[in-house]
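J.: Provided herewith is a single structure, encoded as structure tokens, for subsequent inquiry.
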Amino acid sequence: MATNTDIYIVGSGIVGCTIAHELAEKGRNVRIWERRNHLGGNLYDYTDEYGIHVHLYGPHIFHTVEKELFDYVSRFCELKEYNLVCGSVIDGKCVPTSFDFSSVDTFFPEEAETIKQHIKLVFGDRPSATVLEMLDCDDPYVRKFANFLYEKDYKPYTAKQWGISPDKVDRQIFKRVPILFSYGSKYFSDPYQAMPIHGYMELINNLLSSDRIQTETGVDALKHFSVEGDRIFLDGVPFEGTLIYTGPMDELFNCCYGKLPYRSLRFEWKHEDIDSLQDMPVVAYPQAEGFTRITEYKKLPCQNVSGTTYAVEYPLPYQKGADQEPYYPVLTEESAALFERYSALAQKIPGLVCCGRLADFKYYNIDSALRRALDVADSLL
Ligand SMILES: Cc1cc2nc3c(=O)[nH]c(=O)nc-3n(C[C@H](O)[C@H](O)[C@H](O)COP(=O)(O)OP(=O)(O)OC[C@H]3O[C@@H](n4cnc5c(N)ncnc54)[C@H](O)[C@@H]3O)c2cc1C
């Protein structure tokens with residue numbers, strides 16, 4: 001163990017690595033402990049045996065409204081502007097998502113013009129709405145279209161993804177895939193959207209390039225750190241330094257109030273000697289049994305290969321120790337209340353900073369995780 005460590009960071013995702021970089025730049029010595037056998041957290045990517053660049057933990061596209069964050073990432077890796085278009089297969093037909101007017105044309109060819117006119121009447125100049133807003137409105141044509149998408153896509157997809165009834169899920173979830181009142185769907189609406197040309201690990205490795213940063217993978221930090229009352233112990237000795245924790249909040253406290261619900265995923269990886277499996281890089285299959293979506297990696301930018309590698313995603317509840325990762329906090333009223341109890345415990349402990357998608361129990365995208373990391377680093381400096 002390094003004796004010159006000023007700050008320990010648990011977790012090497014974008015949050016842990018960004019904080020490490022910022023602190024090291026200001027002369028602090030940082031040690032990162034990562035329990036996976038590689039750095040990068042969910043951003044980990046690599047080129048597979050067929051020459052196809054894949055993201056081990058699901059497709060990641062960097063998108064943000066903040067130019068400052070875009071410029072920050074550009075300092076560490078070469079970005080290529082890229083607008084993702086996803087798809088959804090409903091009744092055997094693949095339409096672009098976010099859903100747009102092409103879904104009206106595809107599924108309601110007879111009434112398409114009337115439905116589009118009614119949408120314009122109800123929503124005026126608005127470019128989009130959530131499916132819930134459309135379901136709530138009085139207009140029968142708008143409701144008919146929204147109900148079709150809700151019953152055949154949002155509802156079964158959400159039930160599979162979260163493992164709970166859609167009416168229990170935080171309503172914010174439905175905002176992630178709005179319905180656009182135009183053609184030319186894009187999955188994200190942010191002005192800055194890009195992919196790292198050489199992969200996310202270029203970003204991670206460059207963030208960690210300082211001699212002041214030491215990293216160890218395959219180490220569960222909670223085998224070294226423990227919390228008793230409002231004290232942190234490191235290998236049994238009271239710890240007076242700073243501990244930045246980006247893992248699941250309940251695990252830090254030995255699940256003393258019960259387990260926080262996280263959702264995990266099982267990825268089934270396949271390679272086929274065909275040119276193309278599906279129309280778009282990421283396609284949802286809401287009506288399929290068990291799996292939610294398939295990512296065909298050669299369709300993401302900067303890949304020019306024959307054959308295709310794809311990953312089929314099966315959601316499942318997270319169980320620690322079952323060779324699973326806690327990818328998504330399951331946001332419900334009960335889980336928010338439970339999280340608050342853990343958060344109150346954490347706030348009483350001097351030197352402990354909890355942040356990141358797992359520790360904040362928030363559905364952060366890369367940009368909000370990065371923003372959080374920069375704010376934490378600022379507050380520590
Ligand atoms: C399938 C999927 C697709 C996504 N797609 C996108 C996308 O397209 N665009 C986008 O902007 N965002 C996307 N995201 C979100 C993105 O992955 C997160 O915002 C980001 O990875 C959060 O970074 P983090 O550092 O908070 O967490 P993580 O990347 O999860 O890093 C936390 C790290 O802490 C480690 N850790 C936990 N406990 C311990 C411990 N006890 N000891 C040691 N290490 C520990 C974990 O192993 C992990 O590596 C996606 C997420 C998923 C799951």
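The values are calculated or read from the model by the stated rules, or taken from the named source; none is laboratory data. Not measured: the values here are computed from a predicted model. Cβ placement follows ideal geometry from the backbone for every residue including glycine, while neighbour counts extend to all protein chains displayed.
J.: So if I check each of Val73, Val104, Val85, which one is among the hydrophobic types (A, V, I, L, M, F, W, C) and over 30 Å from Leu374 (Cα atoms)?
T.: Residue meeting the stated conditions: Val104.
J.: Next up: In region 19-39, what count of residues is obtained for those that are within 14 Å of the ligand (Cβ to nearest atom) and among the polar types (S, T, N, Q)?
T.: 1
J.: Any chance you could count how many residues in region 304-325 are within 16 Å of the ligand (Cβ to nearest atom), touching a helix residue (DSSP H, G or I) at 6+ places or on another chain (Cβ under 9 Å) and in a loop (DSSP other than H, G, I, E, B)?
T.: Of the residues in region 304-325, 2 are within 16 Å of the ligand (Cβ to nearest atom), touching a helix residue (DSSP H, G or I) at 6+ places or on another chain (Cβ under 9 Å) and in a loop (DSSP other than H, G, I, E, B).
J.: Please state which one of Phe107, Phe101, Phe76 is more than 13 Å from the ligand (Cβ to nearest atom), more than 19 Å from the chain's Cα centre (by Cα) and not assigned by TED's automatic domain parsing to the domain that holds Val131.
T.: None of the others qualify; the one that does is Phe76.
J.: Out of the residues in region 203-252 that are in a loop (DSSP other than H, G, I, E, B) and within 11 Å of the ligand (Cβ to nearest atom), state the one that is farthest from Ala24 (Cα to Cα).
T.: Pro248
J.: Being hydrophobic (A, V, I, L, M, F, W, C) and outside any loop (DSSP other than H, G, I, E, B) is the filter; apply it to region 53-64 and report the residue that is nearest to the chain's Cα centre (by Cα).
T.: Out of the qualifying residues, it is Phe62.
J.: Continuing with the same structure: When only residues in region 254-263 that are within 14 Å of the ligand (Cβ to nearest atom) and crowded, with 18+ Cβ neighbours inside 10 Å count, which is nearest to Ala159 (Cα to Cα)?
T.: Across region 254-263, the extreme among qualifying residues is Arg263.
J.: Return yes or no: is Arg143 surrounded by 16 or more Cβ atoms within 10 Å (Cβ to Cβ), among the charged types (D, E, K, R) and modelled with pLDDT of 90 or more?
T.: Judged against the criteria, Arg143 is a match.
J.: Look at region 140-163 and say how many of its residues are in contact with a Leu (Cβ under 7 Å, 6 or more places away or on another chain) and either free of Cβ contacts under 8 Å to residues at least 12 places away in the same chain or over 26 Å from Ala288 (Cβ atoms) (or both).
T.: 1
J.: Output the residues belonging to region 336-381 that are among the aliphatic types (A, V, I, L, M) and either near the ligand (Cβ under 9 Å from one of its atoms) or within 19 Å of Val65 (Cα to Cα) (or both).
T.: Leu358, Ala359, Ile366, Ala369, Leu370, Ala373, Leu374
J.: Something else: Quick one: is Tyr50 more than 10 Å from the ligand (Cβ to nearest atom), at negative phi, aromatic (Phe, Trp, Tyr) and not in a strand (DSSP E or B)?
T.: Judged against the criteria, Tyr50 is a match.
J.: Suppose we keep only residues that are surrounded by fewer than 17 Cβ atoms within 10 Å (Cβ to Cβ) and not small (Gly, Ala, Ser) within region 174-189. Which one would you say is farthest from the chain's Cα centre (by Cα)?
T.: Among them, the one singled out is Tyr183.
J.: Within region 225-243, is even one residue within 27 Å of Pro156 (Cβ to Cβ) and modelled with pLDDT under 95?
T.: No, that holds for no residue.
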